[in-house]
Structure formats: structure tokens, C-alpha cells
Amino acid sequence: MQSHDQEFDELMICRLDNGRKSVDPCTIVIFGASGDLTARKLIPALYHLYDEGSLPTPFKVIGFARREKSDDAWRRELLEGFTKFSRTKNSSPGKWEEFAAHLHYCIGSFDERDGYHRLVTLLDSFGDARLRNNLLFYLATSPTQFALVTENLHESGLLQKDGASDHWQRLVVEKPFGTDLASARELNHSLTRFAYEKQIFRIDHYLGKETVQNILVFRFSNYLIEQNWNREAIDHVQITVSEDMGVGGRGGYYEEAGALRDMVQNHLLQVLALTAMEPPALLEAEAIRDEKVKVLRSIRPMSPEQVGRLVVRGQYSGGEVNGKSRPAYRSEDRVNPQSNVETYVAMKLFIDNWRWSGVPFYLRTGKNLPFKASEVRIQFKRPPQVLFAAQCGTMLDANSLTLRLQPEEGITLHINGKIPGASMQLRPVRMRFSYDSEFGAYTPEAYERLLLEAMAGDPTLFIRRDELEVAWALVDSIREGWGNRAMAEDEFYSAGSWGPQPADGLLQRTNRNWRNPSPH
Ligand code: BG6
């Protein structure tokens, strides 16, 4: 049997990476080195990049945190996390040892200068100007610390607004980036005091997913697809991000966030932007981000009264998911027993531009739904009422195209076909492209791609300031519409169901239905 690679070599492979920036030798400094994100995502991602030879030579990683710890103790701690959470586990212990030699620990408090001075000393000790001055600061901290860390980095001479210098410093910031438009603006203001916008890399890990990146390739490299990607052919679009877990140990954070801020403001609106944007003038970061902002700006604003009709929120009550019983949100750890925080949101949006006028975009996301699946479903118009459609009526399904973002990544076209046999019977059938069977099981994790892009200085997969602010403005208008209203009876949904009942009404009013993802 041929391997996948051999098969590919016989096909046409168009390589676009020729103009790709190389990655300079640099040091990655992680603030929040003892946190979950570092052990579960960042270090495994860096290891995999190292393993595939994508990291520069030389490179260093420094963990900056308050607790007293030696380099070795930190490495041991990371190895434990790596073995538990990474996609390769610890399958090559020798390679890990080699990688771990690049990891160093620096004791420091975010608010005390001493720690930053120790960081300078450690960087100096590497004896290489590139490792000393090409610095990627990864702020895996609470957003309340972003401004403080940035200011202290600047004061200790580690972060410069770059100009003519041969070296670079960049900030990578995790979400949540603010809690509303005002706080996001304030945060932007405090970061841009010490760094230019082009030095700031705001993470939305959905943009690091292969399948999300493929949306643009799928749309703009296929004539057949883009030709039908508009109001002439499309009835409506559904974007679903369902999760089968509750809030677990994150009750404290979630009480401050809720599904709207945790998922819609970032991941869902990013997927919407890529699905709906116009073709960019160039395959280049600013051109792509310009188009994303344009589409977000074209979302029809909602008055507080319209929010009541166009947005549904929900909160899970007790139930069962995958045969396991789940507590109600209000009984979760560190959650107020009277909490009105939403764990589910569904909404109907309109994009008021030439391409999408009149086409509803339905978005929904929730915790403790029946299973985990993220997808974009393009629901096409029905065929004209002649021939088969005339006889079958609504029993003849409209065509649809499902971009399955995760898991079971792939794209499925639903069309109608004849059931074999003497009688004339029709039913929907599927044409499917599966990542697994086409490319093999290997799919790099989002953080691998994102870290590499940040090191290379390519901002395409990161959120620009204006993009972030438009998304917050939309979310703020919805929260304003909700006000302080307590959860109503029909806003609760049982864990393990597809959400509160009013979410169905959102579509049924116009004779449409949610098309739930299929588990496989
Ligand atoms: C995070 C949210 O940004 O995304 C989590 O804070 C959520 O609440 C997660 O579970 C979902 O990411 P993924 O990649 O598992 O779909």
C-alpha cells in the first residue's frame, strides 16, 4: 500500500510557503509558568515544534513565576504535564531530555522589579545577542496583570517599541481580552503605551485550528464553492460549537464570563468572519484582517428590544451526558447558587452587505450538550417546485454543506439521491472529505501553529485591535439587552439536551430548524 505522502507526491501540491518568514533565534518568556495553560498547551506545543525541527537554533524558554523552584524542578513538573496531556505523551524520553535542556526558570513576582532584573541577568547569561534581545513574551496570566507586566518589562529595558533595531520583542496575550468594550479599549491603551500594535499578538486558539484555516482555502481556491457562496444560493448559515463538558473546576472564571463572552465574542465571531468575509486583495495579514473587520462591522446592530427576539440564553440544570450524571450549573464549585450566568447562547444575526443581505446567520454554543462538535453548516435554498420537489414537498431536503471543524474533521456535502430499487424513492446522501482518511490522523494542535507564527512575526492568525473592539461592541449590546433579568423557567435546559426550548423557536418562526451535528 502507498503511504499518504507517496500518494500526495503524485498529485499537484501548490506550496505557498516560499515567502514565509524564517524564525530568528529567540527566547520565549512565559509569564504564568506554573499555570495550567503552560503545562497542558504551551510546553507540549513547543516540544512538538522542536521535535519536527521548526524551532530556531538556538532558542530558549524561560518560565517566570513567583514560587521558588529550580530549573530541574520546573522541568520535572512540565514533564508530568507533558506525559499526561500532550498528543504524543512522552513517547521519546531522550528527545524530551534534549528539549528540556532549553527550559529555564526565573523566580519573580509580576509587581516587583527584582524578578525582572533576575530575568535580565538570566538572558545576559545566555551570551548571545539574539537570545538576549529577540524576545517573545507570552502572557499566560490573568488579564488584570497584562498592563503591569508590560509596564515592568518596559521599565527594565526588555520591551521596546521597536523601530530600526535589528532585534524584536513581541507580546502574546491570552483571552479574555477585556470583559467589555470599555475594558478592552483600556487594555489596548495600556499595552500600546509600550508596544506598537504590530508587536501585540492576541490569541484566539480557534484561528490556530487547521480546519478553521481551511475555510479560506476552501472558499477562495474553489470556483464552484465561492460562486455559490452568497444570498442567491444560500438560505441560511448555522454555526454550532457544542461542548459535552460543564464548567468543571472553572466555575470562578465562568461566573465572570458566561458563554457570550467566553465563546461568542471570540471563537464564534471569528468563525463567522472567515465564513462570511469577502475575498481579500492579497493573501497577506492586513488584507485578510481588513476583510474580517469589514464583515463584523456589517453585522446589523441590535437594540435592547431586538435582543429579546434575536438572542436566546440558557443555563444547564442537572442531567446526564454520555451516561454520566452532571450537576446543575448552580451547584458547580465556586458558582453562586442563584447565578444568572448563561452557559448557552443562540442568536440570529444579519450581515447587511451586498453578498449576505437577507441571509440569517444562526450561532449557538453551550456547555453540557450531548457531545462535542464544532461546525459551520451552509444550508442552501430549496430547488424550484417542479419535478421531484413538486412531488416530495418539504420531504425533499435542501442541499447543505457542513464544514466540520472538530472532531472528525472534514467537509460533507448533503445532496439527494435515489434509493436503489424498482420504486422511485429519494433520500439525502453524503459526499464526504475526511481529514483522517485524506491526510492521515496527524493534526497539529492550534498552539503549535500560533506559537510559530508569533515567533515568525506573522499576525494573520491573531486578532487585530479593531476586530476585537467590533466584537466587543456586539457582545455589549446583547448584554445590555439582557440587563439584570433573572433566568426564566424556559431558559434552563437539562445537561445532555441540545439547549433551552426558545432556541428552537428562533428558527421555527421562519420554518427552519437547527441541524444538530452528527456524532460521527
Ligand atoms: C476556551 C473557553 O476559549 O475554549 C472554554 O474558555 C472552552 O470554555 C474552549 O471550553 C473550547 O475550545 P475547544 O478547542 O475545545 O473547542
Give me, ordered by chain and number, the residues 5 or more places off residue 494 or on other chains with an amide H under 5 Å from its own placed amide H. 317
Scattering from the C-alpha atoms of the stretch 301-447 alone, worked out with Debye: what is log10 I(q)/I(0) at q = 0.09, 0.12, 0.19, 0.20 1/Å? -0.50, -0.84, -1.23, -1.24
Using the C-alpha gyration tensor of the stretch 414-520, what are the square roots of 5 times its eigenvalues, in whole angstrom, with the largest one first? 35, 31, 14
Evaluated at 20 °C with a viscosity of 1.002 mPa s, what Stokes-Einstein diffusion coefficient in µm²/s does the stretch 62-136 have when Rh comes from the Kirkwood expression over alpha-carbon pairs? 156
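Sequence gap at least 6, Cα distance under 8 Å: using those rules, report the relative contact order of the chain to the nearest whole percent.
Worked out over the chain, it gives 17 percent.
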392, 106, reordered so the largest accessible area comes first (probe 1.4 Å): 392, 106
Taking amide H atoms as placed 1.01 Å from N in the peptide plane, list the residues 5 or more away in sequence, or in a different chain, whose amide H sits under 5 Å from that of residue 30. 62, 63, 64, 138
Listed highest first by mean packing, meaning other Cβ atoms within 10 Å per residue, what order do 47-53, 267-273 come in? 267-273, 47-53
Taking every Cα atom in the stretch 111-219, find the radius of gyration and the maximum pairwise distance Dmax, and write them in Å. 15.9, 52
Tell me, rounded to the nearest percent, the portion of alpha carbon pairs in the stretch 241-300 spaced more than 17 Å apart. 52
To the nearest µm²/s, what D does Stokes-Einstein give for the stretch 94-146 at 4 °C and 1.567 mPa s, using the Kirkwood radius over alpha carbon pairs as Rh? 100
Using a 1.4 angstrom probe on heavy atoms only, work out the carbon and sulfur share of the accessible area of the chain in %. 51
Within the chain, helix-based [θ] at 222 nm, where runs of 4 or more DSSP H residues each add -39,500 (n - 2.57), nearest 500: -10000 deg cm²/dmol
Largest first, please: the extent of the C-alpha atoms of the stretch 215-374 along each principal axis, to the nearest Å. 50, 35, 30
P(r) tail for the stretch 308-350, what percent of Cα pairs lie past 11 Å? 70
The stretch 201-290: D in µm²/s via Stokes-Einstein (Kirkwood Rh, Cα pairs, 20 °C, 1.002 mPa s)? 140
Set the bar at 19 Å for Cα to Cα. Now go through 161/198; 84/372; 60/95 and name every pair that lies beyond it. 84/372
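Starting from the alpha-carbon convex hull of the stretch 234-275, give the projected area averaged over all orientations, in nm².
3.7
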How much of the pair distance distribution for the chain lies past 39 Å, counting alpha-carbon pairs only, in percent? 29
Just order 36-45, 316-325 by mean Cβ neighbour count inside 10 Å, highest at the front, would you? 36-45, 316-325
Let me check something: with ligands and nucleic acids excluded, how do 245, 455, 12 order by accessible area (1.4 Å probe), largest to smallest? 12, 245, 455
For the stretch 130-180, what number results from the quotient of the Cα radius of gyration and 2.2 N^0.38 Å? 1.22
What are the residues whose amide H is under 5 Å from the amide H of residue 328, where those residues sit 5 or more places off or on another chain and H is modelled from the backbone? 318
Per residue solvent-accessible surface (Å²) - the chain, probe of 1.4 Å: 46
Please give me, ordered by residue number, the GluC sites (Glu not before Pro) of the stretch 210-277 that lie in loop per DSSP and have at most 11 other Cβ atoms within 10 Å. 232
Lys, Arg +1 and Asp, Glu -1 on Cβ, resulting dipole of the stretch 223-322 about Cα centre, debye, nearest 20: 320
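The values are calculated or read from the model by the stated rules, or taken from the named source; none is laboratory data. Owing to the predicted nature of the structure, the values given are computational and were not obtained by experimental measurement. In this analysis, Cβ positions are derived from the backbone assuming ideal geometry, glycine residues included, and neighbour counts consider all displayed protein chains. Only protein heavy atoms, including side chains, enter the accessible area calculation; ligands, DNA and RNA are left aside. Shrake-Rupley method; radii C 1.70, N 1.55, O 1.52, S 1.80 Å.
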